[in-house]
Amino acid sequence: MTMPAKLRREQIYDLAKTGGPASVEELSARFQVTASTIRRDLALLNEQGKLARTYGGAMPMHSHPEASLRQRIGEAYEEKQALARWAATQIEPGEHLLLDGGSTVGALAHGLRTFSDLDVTTIGINTLQELSGCPGIRLSCPGGQLREMSQSFYGPLTELSLERLTFDRVFLGADAVTADYGICEADLQQTRLKEIIAGRSARVYVLAHGAKIGQRPFHSWAKLPLPWTLVTNEDAPADQVQKMRDEGITVETVPAGW
C-alpha cells in the first residue's frame with residue numbers, strides 16, 4: 001500500500017533532521033516512489049521553509065529552518081534601518097536601481113518613497129508595495145515564479161528578463177555572508193539569481209546586518225564577482241570583515257543609530 005504523500009513528506013523531513021538519506025535516488029528507493037515524486041516533495045518542503053535544495057536533488061541537513069519575510073521584518077530592526085539609511089545616501093537622481101527581495105532591502109525601499117527621478121526594478125513584493133504610487137519613482141518588476149517564504153520572484157522568467165537590463169546600482173539581501181563562500185541563501189535558485197543580478201551592474205551592494213556575517217545556516221551559495229560592497233553593522237565579526245577586505249571586497253561598517 002502506497003504511503004500517503006503527507007506522511008512521506010513528514011518522514012523525509014525527519015530524515016533530514018537526523019542526517020538520513022539525502023539524494024533523490026535514495027529517497028525514491030526508500031519510499032518506493034518515482035524520482036519525480038520525490039522532487040515534488042522536496043520542492044514543497046522547500047516552499048514551506050523546512051528544507052533547502054542542492055545540485056543533483058540532494059537535501060542539505062541543517063537545523064535552521066528558513067524564516068518567512070514576515071518573521072524577518074522584526075529581527076535586528078534598528079540595525080537594518082541603519083543599513084537602509086546608509087544605502088539611500090549612495091543613490092543619485094536619475095539612476096536605475098535593482099532592489100532584491102528581503103526585509104533590509106525593503107527598508108531601503110521605504111526610505112526611497114520621497115525620492116524623485118528614479119527608475120526602480122525589483123523582485124520583492126514588499127518593495128512593490130512600498131513604492132507603488134510614489135510620483136518620483138518609475139517602478140517595474142520582471143515577474144516570474146513567486147517564492148512564498150521570501151515574497152520575491154525567481155526562476156527562468158525572472159532570469160531572462162534581468163539578463164536584458166543593466167543598472168546603475170544593485171542592492172542585494174542575504175541570509176548570511178562569509179569570507180570563504182560568499183552569499184548564503186536557502187535555495188540554489190535564489191543564489192543563481194543573485195549571481196545574475198550582480199552581473200548587471202558595476203556597483204553592487206549586499207546589505208546584511210552584523211549577526212549574519214560568518215554564519216552558514218544553509219548550503220546554497222553565490223560567489224559574486226569583484227568588485228562588490230558589503231554593508232553591515234559595526235558588530236560584525238572583525239576577523240570575517242578583515243578577511244573579506246583582504247580578498248578585495250569593500251566592507252562598509254555602519255555605526256549603530258546611523
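Here are some notes:
Residues checked against (1) crowded, with 19+ Cβ neighbours inside 10 Å; (2) out of contact with any strand residue (DSSP E or B) (no Cβ under 7 Å at 6 or more places or on another chain); (3) at pLDDT below 95:
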residue: 107; (1), (2), (3): yes, yes, no
residue: 119; (1), (2), (3): no, no, no
residue: 131; (1), (2), (3): yes, no, no
residue: 139; (1), (2), (3): no, no, no
residue: 144; (1), (2), (3): yes, no, no
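- Residue 187 among the acidic types (Asp, Glu) and surrounded by fewer than 17 Cβ atoms within 10 Å (Cβ to Cβ): no
- So residue 193, is it more than 17 Å from the chain's Cα centre (by Cα) and at pLDDT 95 or above: no
- Odd one out for residue 160, checked against (1) touching a strand residue (DSSP E or B) at 6+ places or on another chain (Cβ under 9 Å); (2) surrounded by fewer than 23 Cβ atoms within 10 Å (Cβ to Cβ): (1)
Listed here are the residues, each with its yes/no results for (1) in the same structural domain as residue 211 (by TED's automatic domain parsing); (2) surrounded by 15 or more Cβ atoms within 10 Å (Cβ to Cβ); (3) modelled with pLDDT of 85 or more.
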site: 24; (1), (2), (3): no, yes, no
site: 30; (1), (2), (3): no, yes, yes
site: 35; (1), (2), (3): no, no, yes
site: 40; (1), (2), (3): no, no, yes
site: 75; (1), (2), (3): yes, no, no
site: 83; (1), (2), (3): yes, yes, yes
site: 86; (1), (2), (3): yes, yes, yes
site: 97; (1), (2), (3): yes, yes, yes
site: 100; (1), (2), (3): yes, yes, yes
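- For region 208-258, a tally of residues being outside any loop (DSSP other than H, G, I, E, B) and not acidic (Asp, Glu) returns 23.
- The set of residues in region 138-156 that are closer than 13 Å to residue 99 by Cα and hydrophobic (A, V, I, L, M, F, W, C) comprises 139, 141, 153.
- Selection within region 196-223 - surrounded by fewer than 22 Cβ atoms within 10 Å (Cβ to Cβ), closer than 23 Å to residue 43 by Cβ and modelled with pLDDT of 95 or more: 196
- Number of positions in region 113-128 that are closer than 17 Å to residue 171 by Cβ and either free of Cβ contacts under 8 Å to residues at least 40 places away in the same chain or assigned to a helix (DSSP H, G or I) (or both): 11
The values are calculated or read from the model by the stated rules, or taken from the named source; none is laboratory data. Everything numeric in this text was worked out from a predicted model, so none of it was measured. Because the Cβ atoms are built from the backbone with ideal geometry, glycine has one as well, and the counts that use them run over all protein chains shown.
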